[in-house]
Each structure stands twice: as C-alpha cells, then as structure tokens.
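The values are calculated or read from the model by the stated rules, or taken from the named source; none is laboratory data. Remember, predicted model here, so these are calculated numbers, not experimental data. Cβ coordinates were reconstructed from backbone atoms using ideal geometry, including for glycine residues, and neighbour counts include every protein chain displayed.
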Amino acid sequence: MELNTLLLPLGIIPALFLLYFVIGSHDGKFKEGYIFLTFVAGIIIGAIIYLIEGMTLYPMLTGAIYLNVVIVFSLIFSFLEQLVKLAVLNMKKFSDEGLPLYGASFGFGFSSTLAPLLFGRTLELGWENAMLFVLPIAALMINGSTGMFIAAGIKRNMRKQYFFVAVIMGAVMWLYLLASVISSLIGYHIMSSVSAACALVFSGAIMYVTYKEGLPHAMMSRRELRKLL
C-alpha cells in the first residue's frame, strides 16, 4: 500500500478543521468571501511552490546528503514560502481587521498540498514509519501560524521583523520534516519518528502561542492596542 496515496486526503480535511477552529471565535470580524478566496489561493499557490521545491529536493535525496545542504535548503524553502504569504497578504483588498484570519486561511490552504511532495518517493506503509502521518499536520499548523504572524506584522507596519521571525520558524520546521523523511528513506526509522514527533510538538507549540497570545492582539485595532499601553 502506497503511503503517498493514503496521505492525499490528510491535507484538505485537517486544513478545513483548523481553519474553522481559528475563525470560529471571531465571527463577524472577517469577510467570508475573503476567507474562501485566500484558502483557494493558498491551495493553488502552494501546489506550485511545492512543485518547484520538489523538483529541487528529489535530486538532492538521490545522492549524498550533508547537514549544511539540508540547512541551506530549509532556509531557502522557508524564505520562498513566507515571501509568497507576505506578497498575498500585503494586497490592499485584505487590509481590514480580519487580515490575521486571512493569513491563517492562506497558510492552511497553502500547506494542504504538502503531502504529495513529502511522500512522492512512494514510501511503503508500515509500523516503522507510521509517525510520518503527523508531518502534514505539523506543516498545516506551522503555515497557519506563520500566515497569522506575517499578517500581524503587516497590520502593525512591522513587516520586516515579523517576516524574518516567520522565516526562522519555517526553516526549523523544514529541518524537522527533511530529517524525518531522509531518515526514513535510509532506514533510520527511530530517528525518523523522533524528528516527526519534534515537528509536531514544535508546530503545536507555535500554533498554541500564536492563537492564544498573538491572534487576540492582532485582531485589535490601533486604538484598542493603545488602550492596553
């Protein structure tokens, strides 16, 4: 049984669930049409970006793999992904109080297409690599979080600072993802499982902090923020 085939639905369904969870407590503070638009745009753009990344990644996996190469590509991939989010969310049409939610929607849609990239090498399903199932979920949480984070930076007119932090968060996630997939491919299944677990914990922690601490402040207007000072 091909793991690639089984994981195709592990993108859209969890993405929609997480999106509903994030926007559920902010009813009336966003435009539903923009949520739909950014989610669909995320799916389309994410598929294109991951195709480009996959064409770069797979040749690398067929030869000798060095840590410095993995780190460089993690930074490049993250920079490209966060740059796309910044470009889309910086559009004037999205500049209302719901911008952080549009960032989450775009991020969830974007990463919903990741599974075919990660598992495009047709890994065989087995207990030894079952932890790979969590990687698409981890990617959803980190991309949704960085989407909200970048949107908050745009709203506060601190684009460069927030973009830089988002790139670092995305690069750390790519390190975990690549470590897990590469370890599985060469038969180091325990290391692969540990890396996948670290990816899930890291992305979950970032998602929790962004949703519980960052999002409420990001949804406030400048006048409301001044009252807190």
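The criterion of being hydrophobic (A, V, I, L, M, F, W, C) and in a loop (DSSP other than H, G, I, E, B) holds for PHE30.
Got a sec? Which of SER203, SER180, SER145, SER193 is crowded, with 24+ Cβ neighbours inside 10 Å and over 22 Å from VAL84 (Cα atoms)? Give the derivation first.
Numbers: SER203 fails: over 22 Å from VAL84 (Cα atoms); SER145 fails: over 22 Å from VAL84 (Cα atoms); SER193 fails: crowded, with 24+ Cβ neighbours inside 10 Å.
Testing whether each residue is crowded, with 24+ Cβ neighbours inside 10 Å and over 22 Å from VAL84 (Cα atoms) leaves just SER180.
For the stretch 21-34, taking the residues that are without any contact (Cβ under 8 Å) to a residue 60 or more places away in the chain and surrounded by 11 or more Cβ atoms within 10 Å (Cβ to Cβ), the one that is farthest from GLY144 (Cα to Cα) is identified as SER25. Is the stretch 63-82 home to any residue that is assigned to a helix (DSSP H, G or I), modelled with pLDDT of 95 or more and closer than 14 Å to MET148 by Cα? Yes, there is a match, as at least one residue in the stretch 63-82 is assigned to a helix (DSSP H, G or I), modelled with pLDDT of 95 or more and closer than 14 Å to MET148 by Cα. Does GLY107 fit the bill of being of a type outside the set (Phe, Trp, Tyr) and at pLDDT 90 or above? For GLY107, the condition - of a type outside the set (Phe, Trp, Tyr) and at pLDDT 90 or above - is met.
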